[in-house]
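Trainee: Starting off with a structure, shown below.
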Amino acid sequence: MLARDQGRIVFIASTAAHTGSRYTAAYTASKHAMLGLARAVAAEVVGTGVTSNAVCPSFVRTPMTERSVARIAERTGRGLEQAEEVLATSGPLGRLIEPDEVAAAVTYLASPLAGAVNGQSLTIDGGGTHR
């Protein structure tokens, strides 16, 4: 990328890169580290035509979230729908983030339109992490 003077690096992190929550110490630490790496890379490539950014969604409708829902159901005795609702209503949108919403953010950051965006995190959670 540096040799071509252009390129896009997009890390898929999480809102956990910005906040911590109970029972997620290792996950949260890894996402903080990922965001730190994205920003350090951004500092190293500044002015070269290469950018480095992160997308930080809350709970996305993915197999990983399905596993979380199953754990909640198992530990609390709730049904799967009730357990999913716990995650979905934990943010201001009251629903899970859809994969296409994350893909749209990545598409933007990977596009020529984002050439001036470097070292940033794009949080996709309906505004929950800036409370």
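Trainee: Which residue is surrounded by the most Cβ atoms within 10 Å (Cβ to Cβ), if the candidates are limited to the stretch 1-20 and must be in a strand (DSSP E or B) and without any contact (Cβ under 8 Å) to a residue 60 or more places away in the chain? Break it down into steps so the answer makes sense when it comes.
Mentor: The initial filter retains those residues of the stretch 1-20 that are in a strand (DSSP E or B), namely 7-12.
Now restrict to residues that are without any contact (Cβ under 8 Å) to a residue 60 or more places away in the chain: 7, 9, 11.
Values: G7: 15, I9: 18, F11: 20.
Looking at the filtered set, the residue picked out is F11.
Results for (1) closer than 21 Å to M34 by Cα; (2) crowded, with 18+ Cβ neighbours inside 10 Å; (3) modelled with pLDDT under 95; (4) not hydroxyl-bearing (S, T, Y), shown as yes or no for each residue.
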{"position": "T51", "(1), (2), (3), (4)": "yes, yes, no, no"}
{"position": "A54", "(1), (2), (3), (4)": "yes, yes, no, yes"}
{"position": "G91", "(1), (2), (3), (4)": "no, yes, yes, yes"}
{"position": "G94", "(1), (2), (3), (4)": "no, no, yes, yes"}
{"position": "I97", "(1), (2), (3), (4)": "yes, yes, no, yes"}
{"position": "D100", "(1), (2), (3), (4)": "no, no, no, yes"}
{"position": "A103", "(1), (2), (3), (4)": "yes, no, no, yes"}
{"position": "L109", "(1), (2), (3), (4)": "yes, yes, no, yes"}
{"position": "P112", "(1), (2), (3), (4)": "no, no, no, yes"}
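Trainee: Are any residues in the stretch 82-112 touching a helix residue (DSSP H, G or I) at 6+ places or on another chain (Cβ under 6 Å) and within 20 Å of N53 (Cα to Cα), and if so, which ones?
Mentor: Residue satisfying the conditions is Y108 alone.
Trainee: Give me the residue from the stretch 70-89 that is among the β-branched types (V, I, T) and loosely packed, with under 15 Cβ neighbours inside 10 Å and, out of that set, modelled with the highest pLDDT. I'd like the intermediate steps shown before the answer.
Mentor: Residues of the stretch 70-89 among the β-branched types (V, I, T): 72, 76, 86, 89.
Checking the rest, the ones that are also loosely packed, with under 15 Cβ neighbours inside 10 Å come to 76, 89.
Values: T76: 93, T89: 90.
Filtering the stretch 70-89 for residues that are among the β-branched types (V, I, T) and loosely packed, with under 15 Cβ neighbours inside 10 Å, the one modelled with the highest pLDDT comes out as T76.
Trainee: I've got another one for you. Check off (1) closer than 18 Å to D125 by Cα; (2) among the hydroxyl-bearing types (S, T, Y); (3) touching a Lys or Arg at 6+ places or on another chain (Cβ under 8 Å) for T62 and give me the number that stays unchecked.
Mentor: So T62 meets the others, but not (3).
Trainee: Residue by residue through the stretch 21-35, note down the ones that are of a type outside the set (A, V, I, L, M, F, W, C) and loosely packed, with under 13 Cβ neighbours inside 10 Å.
Mentor: Pass one, the stretch 21-35, residues of a type outside the set (A, V, I, L, M, F, W, C): 21-24, 27-28, 30-32.
Within the stretch 21-35, S21, R22, Y23 meet the criteria.
Trainee: So G47 passes all but one of these: (1) farther than 15 Å from D125 by Cβ; (2) surrounded by 13 or more Cβ atoms within 10 Å (Cβ to Cβ). Which condition number does it fail?
Mentor: (2)
The values are calculated or read from the model by the stated rules, or taken from the named source; none is laboratory data. In this text, all values refer to a predicted model and were calculated from it rather than measured experimentally. Counting neighbours? That spans all protein chains shown, and the Cβs are built from the backbone with ideal geometry, glycine included.
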